[in-house]
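Report on one structure; see the data block that follows.
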Amino acid sequence: MPEIHLQFGAIIGATVARMAVGALWYSPPLFVKPWMAMAGISDQQMKEGMGKAIGLDLLGSFIMAFVLVHAIRYAGATTALQGLAVGFLNWLGFVATILIGSVTYERKPFKYFLINGGYQLVSIMAMGAILAVWG
């Protein structure tokens, strides 16, 4: 396996970008209200678990950036467009295929998949672009 030089500034930048996309995506002007309704989560439940959820999401985003930079380096991606492509393929192969189970097995509306999958797609592609150019 080839040795990969890791630029932790890029990994942190990609982590921050993912968190920023999530904060915007799941904000009141965008998708938090329909997402909460379909997920069956009340305002009170959101407020009670927010600190822990953000902490775990931050950790997960860091791990995702760490793993994604390896995929980007193995693919030889060095431009934003190539990083977007690697991000998209990872989303399609790993994330979308897992999230679709919320529709098929959990009987959630397809809109639920679109909200969650859309966030994952946009954030992973943004991470891919950052990591390819900066990473």
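Estimated purely from DSSP H runs of n ≥ 4, each contributing -39500 (n - 2.57), the mean residue ellipticity at 222 nm for the chain is -24500 deg cm²/dmol once divided by its residues. Under 10 Å, Cα contacts only: if you run a Gaussian network model on the chain, which one of A23, A37, A96 comes out with the highest mean-square fluctuation? Comparing A23, A37, A96 in the GNM, the peak value goes to A37. Surface composition of the chain: carbon and sulfur make up 72 percent of the accessible area, probe 1.4 Å.
V133 contributes about 100 Å² of solvent-accessible surface, heavy atoms of the protein only, 1.4 Å probe. Any idea how far the Cα center of segment 1-34 sits from the one of segment 40-116, in Å? Each part reduced to its Cα centre gives a spacing of 9 Å. In a simple Cβ point-charge model (Lys, Arg +1; Asp, Glu -1; nothing else charged), the chain has a dipole of about 240 debye relative to its Cα centre. Loop-resident chymotrypsin sites (Phe, Trp or Tyr not before Pro) (DSSP state other than H, G, I, E or B) in segment 61-135 with no more than 13 further Cβ atoms inside 10 Å of their Cβ: Y105.
Applied to segment 83-98, the Karplus parametrisation 6.51 cos²θ - 1.76 cosθ + 1.60 on θ = phi - 60° returns per-residue 3J(HN,Hα) values of x, 4, 5, 5, x, 4, 5, 5, 4, 4, x, 10, 7, 4, 5, 7 Hz, with x for Gly and Pro.
Once C-alpha pairs closer than 8 Å and six or more residues apart are averaged by separation and normalised to the residue number of the chain, the relative contact order reads 42 percent. In this rough spin-label picture, where each label sits 7 Å from Cα along the Cβ direction, the W134-L59 distance is 2.4 nm.
Taken per residue, the accessible surface of segment 42-135 reaches 58 Å², heavy atoms only and a 1.4 Å probe.
The calculated Kirkwood hydrodynamic radius for the chain is 15.6 Å, given to one decimal from all distinct C-alpha pairs.
The values are calculated or read from the model by the stated rules, or taken from the named source; none is laboratory data. Please read these numbers as outputs of a predicted model, since none were measured by experiment. All Cβ positions, even for glycine, are placed from backbone atoms using ideal geometry, and neighbour counts span all protein chains on display. For accessibility, only protein heavy atoms count, side chains too; no ligands or nucleic acids. Shrake-Rupley method; radii C 1.70, N 1.55, O 1.52, S 1.80 Å.
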